[in-house]
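Trainee: Sending over a structure as structure tokens; questions will come in a sec.
No value in this document is a laboratory result; all are computed from the given coordinates. None of these values were measured; they are calculated from a predicted model. Every residue, glycine as well, gets a Cβ built from its backbone with ideal geometry; the counts of neighbours run over all protein chains shown.
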Amino acid sequence: MLTEAIMHDCVVKLLKNHDEESLECLCRLLTTIGKDLDFEKAKPRMDQYFNQMEKIVKERKTSSRIRFMLQDVIDLRQ
């Protein structure tokens, strides 16, 4: 079983790389476990992740497919 800390480390590593494969994995990971990570104690950390994702979407340096995947994950949180 993977701990919360390990999952946060995975998210951070995936967000550091702005390559499409990492961002796609990030989207799949957050879609699967994001709800479990997003609780009161971890809210500031999750806010940081989602702010970075919004920044990536706005920069438009990735393909539209990845931008839409990121936006879908952002929308799921709201």
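Trainee: Give region 25-78 a look and list any residue that's of a type in the set (V, I, T) and assigned to a helix (DSSP H, G or I), or say none. Show your work before the answer.
Mentor: Looking only at region 25-78, we keep the residues that are of a type in the set (V, I, T), and these are 31-33, 56-57, 62, 66, 73-74.
The answer is T31, T32, I33, I56, V57, I66, V73, I74.
Trainee: Can you tell me which of L70, L29 is touching a residue at least 40 places away in the same chain (Cβ under 8 Å), under 11 Å from the mean Cα position of the chain (by Cα) and surrounded by 11 or more Cβ atoms within 10 Å (Cβ to Cβ)?
Mentor: Numbers: L29 fails: touching a residue at least 40 places away in the same chain (Cβ under 8 Å).
Just one listed residue meets the conditions, L70.
Trainee: Then there is this: Mind checking which residues of region 46-59 are surrounded by fewer than 16 Cβ atoms within 10 Å (Cβ to Cβ) and under 11 Å from the mean Cα position of the chain (by Cα)?
Mentor: D47, Q48, N51, E54
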